[in-house]
Amino acid sequence: MTKRVGFVGAGFIAGIHAGILERDARVTVAAVYDPDEHAAAVFAAKTGARVCPSLDDVLGAIDAVYICNPNATHASAAVRALEAGLHVFSEKPMATSLAHAQEVLDAARRAKGIYQGGFNRRFAPVYKELKQRLASGELTADSALLKMNRGDLRKPAWTGDAAISGGFLYETPVHMLDMVRHLFGEPAEIICRGRATHYDQLDDFSMLFTFASGMTAVMVTNAHATWLAPFERIEVYGDHVMAATEEMERITFAHASDVQTFDFAQLPLEDRWGYVEEDARFVDAIDGACAPVVTAADAFATTQFIERCYHVARQA
């Protein structure tokens, strides 16, 4: 039976997901709610979805929901949807505080429906290739270097308002912090320095993570670097072997003098950035074919990690 999918939020990322779901015969994009009536109308015109006047109206008309509204509203929408018996896909972050993340986690544990967190980079071919090399032992990490620049916090305007975004780390850096956990596990120790340089919030971070194995990872991220490519990059160093990513475009492995590059730049953005597989896996989970691939407990742990970073930075 075809599942009806609704959207809370009708912006850019909602359009990405809706476009992918429209090609999946197992679901239909049925309803949308956004307080911006123009955005909702444009989304509806593109997808055929019915515009709903409230969150409750959209939740009452669907089987599953994509939460794509601004960060600070993710948790409350997810809890209401889970309590209504719906399946929930929530864009990152799960919440913008540990208390609200706990509310989502508790609701997910009680729920009939499933919860999947929206960390698309886990499904990007570049990072899947890196993960496979680490998991197979072909590359054993001794140390790593990660960087993610955000060009600014002006577009969209709400990203510069910490009350809505949750703070800079909950914006684009949440992806890279999630990748730290996904690739290397939970850090045992965090050293974090943050400064407010060009915005009214901490917008420039230098971090050092140490893991139980002794491995270390350094991460730098800031909100004012321009979008000079590659705006995100991971380098992993092992025993005379290393890997280096360039955004989600390509990954290079070097073992002694043997250098191998995998280039994904020609893939459509939805495939290159992992959205296609991410959405397919959510629909698989709705159908009962598999468990959610980014569970509520996993999304909670990434929120916990971010809060640890903020705590350390503010105590420094």
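Can you give me the angle between helix 125-136 and the longest principal axis of the chain, using Cα atoms only, in degrees from 0 to 90, rounded to the nearest 10? Compared with the principal axis, the helix lies near 60 degrees. Ordered by the count of other Cβ atoms within 10 Å of each Cβ, fewest first, Phe305, Phe264, Phe7 give Phe264, Phe305, Phe7.
Within the straight-line cut-off of under 17 Å between alpha carbons, the aspartates and glutamates reachable from Lys155 are Asp36, Glu171, Asp200, Asp203, sequence neighbours fewer than 8 places apart in one chain being disregarded. As a rough footprinting exposure proxy, the listed residues Trp273, Trp158 were ranked by other beta carbons within 10 Å of their own, and the order from fewest upward is Trp158, Trp273. Residues of segment 142-173 with an amide N closer than 20 Å to a point placed 7 Å from the Cα of Glu235 along the Cα-to-Cβ direction: 142-150.
Percent antiparallel among DSSP beta bridges with both residues in the chain, to the nearest 5? Antiparallel bridges: around 55 percent, rounded to the nearest 5. Here semi-axes √(5λ) of the Cα gyration tensor in Å was calculated from the structure, and among [x] 32, 22, 19; [y] 37, 30, 21; [z] 37, 24, 17 it sits at label [x].
What would the Debye formula give as log10 I(q)/I(0) at q = 0.15, 0.22 Å⁻¹ for the alpha-carbon point model of segment 125-268, no solvent? The computed values of log10 I(q)/I(0) come out as -0.79, -1.36. Please give every one of the lysines within straight-line cross-link reach of Lys131, meaning a C-alpha to C-alpha distance under 29 Å, and leave out same-chain neighbours fewer than 8 residues apart. The qualifying lysines are Lys92, Lys147.
The angle between the Cα long axis of helix 37-47 and the longest principal axis of the Cα atoms of the chain comes to about 90 degrees, rounded to the nearest 10. Could you state the number of Å between the C-alpha centres of segment 18-41 and segment 88-125? Using only Cα atoms, the two centres lie 20 Å from each other.
Counted residue by residue at 0.36 nm each, then reduced by the alpha carbon distance between them, the extension gain from Ala212 to Leu228 reaches 2.3 nm. Residue by residue, segment 203-215 carries 3J(HN,Hα) couplings of 10, 8, 10, 10, 9, 10, 10, 10, 10, 4, 6, x, 4 Hz when phi is fed to the Karplus relation 6.51 cos²θ - 1.76 cosθ + 1.60 (θ = phi - 60°); x denotes Gly or Pro. For the chain, the longest principal axis of the C-alpha atoms and the axis of helix 275-286 are separated by about 60°.
Here the Karplus relation 6.51 cos²θ - 1.76 cosθ + 1.60, evaluated at θ = phi - 60°, turns the backbone of segment 51-61 into coupling constants of 6, 9, x, 7, 4, 4, 5, 5, 5, x, 10 Hz, with x for every Gly and Pro. Projected label points at Lys112 and Asp57, each 7 Å from Cα along the beta carbon direction, are separated by 2.4 nanometres.
Relative contact order for the chain: what is it in percent, counting Cα pairs under 8 Å that are at least 6 residues apart?
Details: 651 pairs, mean separation 57.6, N = 316.
18 percent.
Computed per residue of the chain from DSSP H runs no shorter than four, each worth -39500 (n - 2.57), the mean residue ellipticity at 222 nm is -10500 deg cm²/dmol.
Counting other Cβ atoms within 10 Å as a rough exposure proxy, the listed residues Thr252, Thr303 run Thr252, Thr303 from fewest neighbours to most.
Centroid-to-centroid, using Cα positions, segment 242-294 and segment 152-219 are 22 Å apart.
Computed from the coordinates by the stated procedures, all read-outs in this text should not be read as laboratory data. Computed from a predicted structure; not experimentally measured. Ideal geometry is used to build each Cβ from the backbone, glycine not excepted, and the neighbour counts take in all protein chains shown.
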